[in-house]
1. Given (1) surrounded by fewer than 24 Cβ atoms within 10 Å (Cβ to Cβ); (2) assigned to a loop (DSSP other than H, G, I, E, B); (3) within 14 Å of the ligand (Cβ to nearest atom), where does residue 207 come up short, assuming only one miss?
2. Evaluate the following for residue 11: is it within 16 Å of the ligand (Cβ to nearest atom), within 29 Å of residue 107 (Cβ to Cβ) and surrounded by 17 or more Cβ atoms within 10 Å (Cβ to Cβ)?
3. Suppose we keep only residues that are in contact with a strand residue (DSSP E or B) (Cβ under 9 Å, 6 or more places away or on another chain) and in a loop (DSSP other than H, G, I, E, B) within segment 53-86. Which one would you say is farthest from the ligand (Cβ to nearest atom)?
4. Kindly evaluate residue 64 against the criterion of being in contact (Cβ under 8 Å) with a residue 40 or more places away in the chain and at negative phi.
5. Among the candidates 65, 36, which residue alone is modelled with pLDDT of 95 or more, in contact with a helix residue (DSSP H, G or I) (Cβ under 9 Å, 6 or more places away or on another chain), surrounded by 15 or more Cβ atoms within 10 Å (Cβ to Cβ) and over 22 Å from residue 162 (Cβ atoms)?
6. Could you check how many residues of segment 183-200 are surrounded by fewer than 22 Cβ atoms within 10 Å (Cβ to Cβ) and out of contact with any strand residue (DSSP E or B) (no Cβ under 6 Å at 6 or more places or on another chain)?
7. Do we have any residue at all in segment 108-116 that's surrounded by fewer than 20 Cβ atoms within 10 Å (Cβ to Cβ), away from the ligand (no atom under 16 Å from the Cβ) and in a loop (DSSP other than H, G, I, E, B)?
8. So which of 165, 124 ends up being within 14 Å of the ligand (Cβ to nearest atom), within 26 Å of residue 39 (Cα to Cα) and surrounded by 15 or more Cβ atoms within 10 Å (Cβ to Cβ)?
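The values are calculated or read from the model by the stated rules, or taken from the named source; none is laboratory data. The shown structure was predicted, so the numbers you read here are calculated from the model rather than taken from an experiment. Note that we place each Cβ from the backbone using ideal geometry, even for glycine, and neighbour counts take in every protein chain shown.
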Ligand SMILES: *Cc1c(COP(=O)(O)O)cnc(C)c1O
């Protein structure tokens, strides 16, 4: 078994170095430890090593491990980084502190409706499909500015930033630069970009949040079926 605490320390060190090389204060970059497919014991090791921000891509999976951990660690911050079905909005809002994956108008509506009934104050990021890939969620780059404006003004949502997942076979830097440019136009300062393979590049291009999973928790089993997601 890989040593989660050691890997976490190594990722933190590399984040600090990348920030320093980019001339950015280290505290401007938050590490979101992506614990999907790993159990509560793995998360606990990271918590004991001081990690407090975690990312999960499925509501149901997160419900299975985080309520107890959040009770134990009140400063734990949980980010939803995967697609959110409208019928799971209520459960998602009860558990997640940041929703990074607002990717369509109908979800904006569902979130607004549920937030009106709730006292939860999650932060919301809009996912941009920078590579315009058919199989990937997110707002196309040319529609992003108008979408952000509508989400804020029509639906009253607390949109604070943007998130992207670059295509696997392309230079991520181009996508990070595009996301930063769109955020600038929207007046947003939170940028969630960079994963295990490219978080240092994300930091060079202004990431305020990097989402790192396998470099901390080890490899995941292969994905089974997309229909299983949620
Ligand atoms: C799984 C996942 C990550 C983490 O990926 P790693 O390559 O394991 O670091 C980051 N962002 C999203 C949206 C993910 O689904």
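1. (1)
2. No.
3. Only one residue fits best here, namely 76.
4. no
5. 65
6. Within segment 183-200, residues that are surrounded by fewer than 22 Cβ atoms within 10 Å (Cβ to Cβ) and out of contact with any strand residue (DSSP E or B) (no Cβ under 6 Å at 6 or more places or on another chain) number 8.
7. Checking segment 108-116: not a single residue is surrounded by fewer than 20 Cβ atoms within 10 Å (Cβ to Cβ), away from the ligand (no atom under 16 Å from the Cβ) and in a loop (DSSP other than H, G, I, E, B).
8. Testing whether each residue is within 14 Å of the ligand (Cβ to nearest atom), within 26 Å of residue 39 (Cα to Cα) and surrounded by 15 or more Cβ atoms within 10 Å (Cβ to Cβ) leaves just 165.
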